[in-house]
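Structure record follows, encoded as structure tokens.
Every read-out reported here was derived from the displayed coordinates using simple, explicitly stated rules and does not represent laboratory data. Nothing here was measured: the structure is a model prediction, and the numbers come from that model. Here the Cβ is made from the backbone with ideal geometry for all residues, glycine too, and neighbour counts use every protein chain on show.
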Amino acid sequence: MIKISRIHKIGFVTTLAIALLIWGFHFLKGNNLFSPENYYVAVFERVDGLSESSPVVVNGYKIGQVKSITFLPSQGSIFVVEIGVKDDYQLPSPATAVLFSTDFMGTKAIKLLMGNSQNFHKTGDTIPAYFEPDMFAELKAEILPIKDSALAVISTADSLLLAINSVFSPETTENLRNAISSLNSTLQNVEQLTASLNSVIQKDDEKIQLMIENFANVSASLKNIADSLENANLTALVNNANNAVAQLEKTLRTINEGDGTVTMLLNDKKLYNNLDSTAYHLSKLLEDLKANPKRYVHFSLFGGKVEE
């Protein structure tokens, strides 16, 4: 029987303990040293809390984890993320890595969107990747403009209040108080006037009602007159008037252009002068007849001669 020394026993136990410690450390990190994995690379512009050992899922099922994150500021401040996927799963081309939030606390993970081709990515391939904003990031992006607008409104309101305070000096405040007092007195007077009008209206309600009825009757009469005028044969009246005017115009034209007596009376100046002279002498004769009737009338009851 082979005898194992105490030193060898201690060395074996120590080695086993160290191996178990290393395995436990990797196990706690999610690494299974006895399970082979395929490695892929995804490049992101931001990681927002993604860390090593963060899960890699497909349709919510974990098939791997993040192995390492490398920051490369010299290449445009990008992050190179190495993804470990169990050897049992192959990634159809073109697969896409999406950085997303798994909960409301902002815990990050990577989900893989599988392609539908018959070709598969090889270990070490760089697969397309992009960052998917979470709900809080979108909400923040929407609230930020509202916050800026609210701050601007608050600043404007503050400036307005300062301006109002500067305008409302003690003298202005007193004037405003007096104006309000005057307005109150005016309103009271209006209220008293309204009460007086109500009293007058109630007192003369019958007269007002009678006036309204009379007005209604007048309106009805005017309506009847309007209806009568509307129903009257106004066209015939207008035609008759037009005919009369035409006849009068024809008569006047005949008088002006004809050679009858009326035309001569109107157009012959000599005849007019003779008539005017005859009228003048006739007027004188009548005056003399009134003044000396015995000169023209010879009448005697006994047939004697009347002296001149």
Separation of the Glu213 and Phe104 label points, Cα + 7 Å toward Cβ, nm: 7.8 nm
Calculated FRET efficiency for the pair Ser149/Asp88, C-beta based, R₀ 45 Å, to 0.05: 0.25
Exceeding the 24 Å Cα-Cα cut-off - candidates Lys270/Lys290; Lys62/Lys108; Lys108/Lys147: Lys270/Lys290; Lys108/Lys147
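Where does each of Ser101, Ser283 land when they are ranked from fewest to most other beta-carbon atoms within 10 angstrom?
Numbers: Ser101 18, Ser283 10.
Fewest-to-most Cβ neighbours within 10 Å comes out as Ser283, Ser101.
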Burial ordering of Met211, Met105, fewest other beta-carbon atoms within 10 Å first: Met105, Met211
Residues Lys67, Lys270, sorted so that the one with the fewest Cβ neighbours within 10 Å comes first: Lys270, Lys67
Estimated inter-spin distance, Lys294 and Val200, nm [label 7 Å along Cα→Cβ]: 8.4 nm
